[in-house]
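The values are calculated or read from the model by the stated rules, or taken from the named source; none is laboratory data. These figures come from a predicted structure and were not determined experimentally. Reconstructed Cβ throughout: ideal geometry from the backbone, glycine too, with neighbour counts over all protein chains shown.
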Amino acid sequence: MDMTKKNTEQDNDSTQHYDILQELGDCHTSVGDYIKAQQFYEKAAILCPDEAGPYVGLGVVAMQKNLLDDAETAFKVACRLDKNSARAYAGLGLVAQQRHHYKKAFDMFLKCLELDTDNLIGILGLFQTSCQMGSFEKVTYYLETYLNMHPGDVSVMYPLAALYMKDGKLEDSKKMLLDILSLDRNHRDAAYLLEELEHNMAQARQEAIQTL
């Protein structure tokens with residue numbers, strides 16, 4: 001057999017085996033079986049040591065065990081192997097957020113979204129750290145961008161409605177909240193915020209009338 005062909009077949013087998021191990025790791029992570037997940041990620045990392053995926057997985061497992069140092073190390077390795085790994089930057093953002101290092105968390109989530117505006121962890125992480133820092137610059141843009149790709153995602157619609165209200169865009173906020181409640185009638189937070197918004201709008205109208 002031609003050596004080039006043989007090497008290609010071996011590479012293909014290794015890639016397929018790696019993909020299976022990575023998928024098994026992700027599957028066990030999704031059901032909370034972190035011991036098995038870690039085993040599959042470690043095997044995947046040994047098989048393909050230059051791939052970032054297994055280290056992202058190991059970072060997620062460490063986060064679930066509240067082993068922040070281990071998680072940070074794994075996510076940093078993933079970033080070193082793949083400078084465009086949005087998931088790795090999101091992971092570093094989560095670690096920093098857990099440590100109450102909100103500025104660093106904000107920067108990591110922002111980097112994540114610069115690489116992938118579709119990353120929900122980055123979106124919600126950026127919003128949460130913005131709330132913790134009291135600074136909302138750039139957040140609205142990423143929330144709107146995400147919703148353009150995923151219309152009807154209530155988990156993003158609600159923080160965006162809150163931001164619109166904070167920015168004085170009361171009609172935009174009201175429309176967003178009504179849309180949320182049409183999708184989920186039991187969304188208590190949206191109902192409370194809508195009630196507060198309508199009270200503020202009525203008060204503003206009353207004040208405007210009094211100045212006439």
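Okay, residues lined up against (1) of a type in the set (A, V, I, L, M); (2) farther than 19 Å from residue 91 by Cα; (3) in contact with a Lys or Arg (Cβ under 7 Å, 6 or more places away or on another chain); (4) modelled with pLDDT of 95 or more:
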{"position": "105", "(1), (2), (3), (4)": "yes, no, no, yes"}
{"position": "111", "(1), (2), (3), (4)": "no, no, no, yes"}
{"position": "117", "(1), (2), (3), (4)": "no, no, no, no"}
{"position": "130", "(1), (2), (3), (4)": "no, no, no, no"}
{"position": "135", "(1), (2), (3), (4)": "no, yes, no, no"}
{"position": "142", "(1), (2), (3), (4)": "no, no, no, no"}
{"position": "145", "(1), (2), (3), (4)": "no, yes, no, no"}
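Could you grab me the full set of residues in segment 116-157 that are more than 26 Å from residue 99 (Cβ to Cβ) and among the aromatic types (Phe, Trp, Tyr)?
141
Which one is farthest from residue 142 (Cα to Cα) among residues in segment 184-206 that are of a type in the set (A, V, I, L, M) and surrounded by 13 or more Cβ atoms within 10 Å (Cβ to Cβ)? Let's see the steps before the verdict.
The first filter runs over segment 184-206 and keeps only residues of a type in the set (A, V, I, L, M), leaving 190-191, 193-194, 197, 201-202, 204.
Cutting the leftovers down to surrounded by 13 or more Cβ atoms within 10 Å (Cβ to Cβ) gives us 190-191, 193-194, 197, 201.
Numbers: 190: 20, 191: 24, 193: 22, 194: 23, 197: 23, 201: 27 Å.
The qualifying residue farthest from residue 142 (Cα to Cα) is 201.
Tell me whether segment 94-109 contains one or more residues that are of a type outside the set (Asp, Glu), closer than 26 Å to residue 172 by Cβ and out of contact with any Ser or Thr (no Cβ under 8 Å at 6 or more places or on another chain). Even if it seems obvious, please write down each step before you answer.
So in segment 94-109, the residues of a type outside the set (Asp, Glu) come out as 94-106, 108-109.
When the remaining residues are screened for being closer than 26 Å to residue 172 by Cβ, the result is 106, 109.
Keeping just the survivors that are out of contact with any Ser or Thr (no Cβ under 8 Å at 6 or more places or on another chain) gives none.
Scanning segment 94-109 turns up no residue that is of a type outside the set (Asp, Glu), closer than 26 Å to residue 172 by Cβ and out of contact with any Ser or Thr (no Cβ under 8 Å at 6 or more places or on another chain).
Can you tell me which residue is nearest to residue 105 (Cα to Cα) among those in segment 43-69 that are crowded, with 16+ Cβ neighbours inside 10 Å and charged (D, E, K, R)?
51
May I ask you to list the residues in segment 139-181 that are farther than 19 Å from residue 118 by Cβ and polar (S, T, N, Q)?
Passing the criteria: only 173.
Residue 176 fails exactly one of the following numbered conditions: (1) within 15 Å of residue 121 (Cα to Cα); (2) surrounded by 18 or more Cβ atoms within 10 Å (Cβ to Cβ). What is the number of that condition?
Every condition holds for residue 176 apart from (1).
Considering 102, 89, which residue is farther than 19 Å from residue 61 by Cα and either surrounded by fewer than 24 Cβ atoms within 10 Å (Cβ to Cβ) or free of Cβ contacts under 8 Å to residues at least 40 places away in the same chain (or both)? Walk me through how you get there before you give the answer.
Details: 89 fails: farther than 19 Å from residue 61 by Cα.
Selected residue: 102, the only one of 102, 89 that is farther than 19 Å from residue 61 by Cα and either surrounded by fewer than 24 Cβ atoms within 10 Å (Cβ to Cβ) or free of Cβ contacts under 8 Å to residues at least 40 places away in the same chain (or both).
As an exercise: evaluate residue 150 against (1) out of contact with any Asp or Glu (no Cβ under 9 Å at 6 or more places or on another chain); (2) of a type outside the set (A, V, I, L, M, F, W, C); (3) farther than 21 Å from residue 92 by Cβ and give the number of the one condition it does not meet.
Evaluating residue 150 over (1) out of contact with any Asp or Glu (no Cβ under 9 Å at 6 or more places or on another chain); (2) of a type outside the set (A, V, I, L, M, F, W, C); (3) farther than 21 Å from residue 92 by Cβ leaves (1) as the failure.
Conditions: (1) modelled with pLDDT of 90 or more; (2) farther than 23 Å from residue 126 by Cα; (3) not polar (S, T, N, Q). Residue 152 meets all but one. Number of the miss?
Residue 152 satisfies every listed condition except (2).
Go through (1) within 27 Å of residue 159 (Cα to Cα); (2) crowded, with 20+ Cβ neighbours inside 10 Å; (3) not small (Gly, Ala, Ser) one by one and return the number of the condition residue 97 breaks.
Only one criterion in (1) within 27 Å of residue 159 (Cα to Cα); (2) crowded, with 20+ Cβ neighbours inside 10 Å; (3) not small (Gly, Ala, Ser) is unmet by residue 97, namely (2).
Considering only residues that are over 15 Å from residue 78 (Cα atoms) and of a type in the set (A, V, I, L, M, F, W, C), which ones fall in segment 24-46?
Hits for segment 24-46 are 24, 27, 31, 35, 37, 40.
Within segment 137-163, track down each residue that is more than 17 Å from residue 190 (Cα to Cα) and buried (at least 17 other Cβ atoms within 10 Å of the Cβ).
The answer is 139, 140, 142, 146.
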